[in-house]
Amino acid sequence: MSTSIMDIAAPRQGDRPVQQDSAPTQQARAFAPASVGNIGVGFDLLGHAIEGPRDVATVRRIDAPEVRITAITGDVPGVDRLPLDAPRNTAGQALIALRERLGLAHGFELSLQKGIALGSGLGGSAASCVAALVAANALLDAPLSRDALYPFALDGESVSSGSRHGDNVAPMLLGGVVMATHDRMIALAVPAWLHAVVVHPDQMLETRRAREVLAEPYPLPLVVQQSAHLALFLTGLQRGDASLLREGLVDLLVEPRRAPLIPGFDRARQAALDHGALGASISGAGPSTFAWFESKAEAEAAAAPMRQAFVDAGFDARVHVSPVAGPRADVIR
């Protein structure tokens with residue numbers, strides 16, 4: 001077992017564009033952290049960043065009015081299958097959208113270093129486009145606010161998922177827990193004591209496949225119950241009330257349909273609950289599994305048993321312990 005803790009990103013800058021007096025920088029590097037999408041009760045609506053895996057983008061400003069990807073590297077399986085064709089790549093499409101909407105005369109050259117496994121449920125496709133946008137934004141004559149970058153991140157994410165949902169890109173842009181609608185990001189209060197365990201088994205579950213099992217309609221009473229859980233969860237965050245979080249962090253809609261796609265999930269979830277978790281569920285589309293705890297010590301104590309549940313199911317796994325208030329994407333100085 002290895003517990004990965006990455007450096008926390010630099011403090012947030014203000015949302016107002018920063019005017020540059022000198023000639024623009026020609027190259028920038030930025031990272032975007034992994035994330036837990038949905039957080040169980042907030043399908044396509046809630047997410048939070050975590051310390052640990054990250055993608056890194058290097059963007060160079062070029063005279064040619066185009067976006068080109070020169071290389072995609074990284075020690076994650078399947079990285080060689082990611083397209084270098086910009087319109088078919090989440091990062092490439094995000095930069096294309098940025099160029100076109102701003103009417104930029106110049107273009108961007110991009111290389112990616114993948115640190116988040118593909119099909120892991122940790123927002124790997126989102127991290128690539130967010131890292132690229134943050135790096136490219138640093139090269140603009142008048143950099144945009146994080147809110148202004150959000151639509152371009154949604155454009156990029158849609159290449160991978162087939163839909164415009166911000167539960168991964170929004171927490172990457174802002175850090176911590178974020179509510180993401182189609183047109184805005186809302187950072188939510190997060191108690192400092194909240195910690196997460198995120199376990200990534202050596203499985204791959206494509207987002208499109210994971211969404212297919214959700215196609216059948218849900219009965220109204222179940223939707224009402226889920227809405228009550230979401231309300232309790234959000235109130236628990238606002239008040240810093242662990243009992244409300246425990247009552248609210250129960251997914252009645254998505255988890256029951258996706259759990260059969262993830263061997264070892266049920267045992268990993270139970271291991272988390274047996275060690276005092278406030279709740280546990282599937283991270284994003286899966287197969288990664290997350291659990292929230294009232295302290296870092298409790299999270300660390302649960303990490304090994306949660307990982308062992310997947311090992312017992314025949315899959316090696318990596319585990320990360322992180323504050324729920326994880327870092328935001330930022331330029332690497």
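Read-outs: derived from the displayed coordinates by stated rules, not from any lab. Not measured: the values here are computed from a predicted model. Heads up, the Cβs are rebuilt from the backbone with ideal geometry, glycines too, and the neighbour counts pull from every protein chain shown.
Given axes a ≥ b ≥ c from the Cα gyration tensor, I'd like to know whether the range 195-323 is rounded (a/c under 1.5), prolate (a/b larger than b/c) or oblate. The shape class here is oblate.
Here the Gaussian network model covers the chain, with springs between Cα atoms less than 10 Å apart; of Gln238, Gln93, Gln308, Gln238 fluctuates the most. What does the charge add up to near Ala34, with Lys and Arg as +1, Asp and Glu as -1, over the other residues with Cβ less than 9 Å from its Cβ? In short, -1. Rounded to the nearest Hz, the phi-derived 3J(HN,Hα) couplings of the range 233-248 under the Karplus curve 6.51 cos²θ - 1.76 cosθ + 1.60 (θ = phi - 60°) are 4, 5, 5, x, 4, 4, 8, x, 9, 5, 5, 5, 4, 4, 6, x, where x marks glycine and proline.
For the options Gly175, Gly74, Gly92, a Gaussian network treatment of the chain with springs between C-alpha atoms closer than 10 Å singles out Gly74 as fluctuating the most.
Against the chain, whose longest principal axis is taken from its Cα atoms, helix 265-274 shows a tilt of about 70°. Remark: Ser160, Ser145, Ser128 ranked as Ser145, Ser160, Ser128, counting other beta-carbon atoms within 10 Å and listing the fewest first.
With all pairs of separate Cα atoms included, the chain yields a Kirkwood hydrodynamic radius of 19.7 Å. How tilted is helix 296-312 with respect to the longest principal axis of the chain? Cα atoms for both, answer in degrees (0 to 90, nearest 10). The angle comes out near 80 degrees.
Projecting the Cα positions of Val250, His275, Gln27 onto the charge dipole of the chain (unit charges on Cβ atoms of Lys, Arg, Asp and Glu, taken about the Cα centre) puts Gln27 furthest along the positive direction. Under 5 Å from the amide H of Leu45 lie the amide H atoms of Asn38, each residue being 5 or more positions distant or on a separate chain, with H modelled from the backbone and absent for Pro and chain starts. Given +1 at the Cβ of Lys and Arg, -1 at the Cβ of Asp and Glu and no other charges, the dipole of the chain around its Cα centre is 280 debye to the nearest 20.
Among Ala148, Ala277, Ala291, the largest mean-square fluctuation in a Gaussian network model of the chain (Cα springs under 10 Å) belongs to Ala148. For the range 128-182 and the range 234-290, write down the distance between their C-alpha centroids in whole Å. A separation of 26 Å, based on Cα centres. Counting Lys and Arg as +1 and Asp and Glu as -1 over every other residue whose Cβ lies under 13 Å from the Cβ of Pro77, the net charge comes to -1.
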